[in-house]
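Nothing in this text is a laboratory measurement; each read-out follows from the coordinates by a stated rule. Quick caveat, the model's predicted, so the values are computed rather than measured. In this analysis, Cβ positions are derived from the backbone assuming ideal geometry, glycine residues included, and neighbour counts consider all displayed protein chains.
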Amino acid sequence: MPKMKTRRAAAKRFSINKNGKVRFKHAFMRHCLEHKSKGVKRKLRQTGTMTEADAKHVRAMLPYG
């Protein structure tokens, strides 16, 4: 059986922690930051954990993650 290929677009956006949960970075932190409040920007800096329903699709794209 040949090796499975990793979806490179998914590998750049998601990572799997040692508990098996999928982590991601929040959107809306690229530009127009002067209009966002300090609290919003602080919360967007943190990584998020994906829900299990969506995480199944990401794990299929990252077979060796």
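The chain: Rg/Rh from Cα coordinates, Kirkwood Rh? Taking Rg over the Kirkwood Rh, I get 1.10.
Sorting the segments 28-38, 3-13 by their mean number of nearby beta carbons within 10 angstrom, highest to lowest, gives 3-13, 28-38. With contacts taken as Cα pairs under 8 Å at a separation of at least 6 residues, the chain carries a relative contact order of 42 percent.
Computed about the Cα centre, the dipole magnitude for the chain is approximately 240 debye when only Lys and Arg (+1) and Asp and Glu (-1) carry charge, each at its Cβ. For ARG8 and HIS31, a Förster radius of 30 Å and the Cβ-Cβ distance give a FRET efficiency of 0.75, rounded to the nearest 0.05.
Ignoring everything except DSSP H segments at least 4 long, calculate the 222 nm mean residue ellipticity for the chain; use -39,500 (n - 2.57) per segment, divide by total residues, nearest 500. For the chain, the value works out to -10000 deg cm²/dmol.
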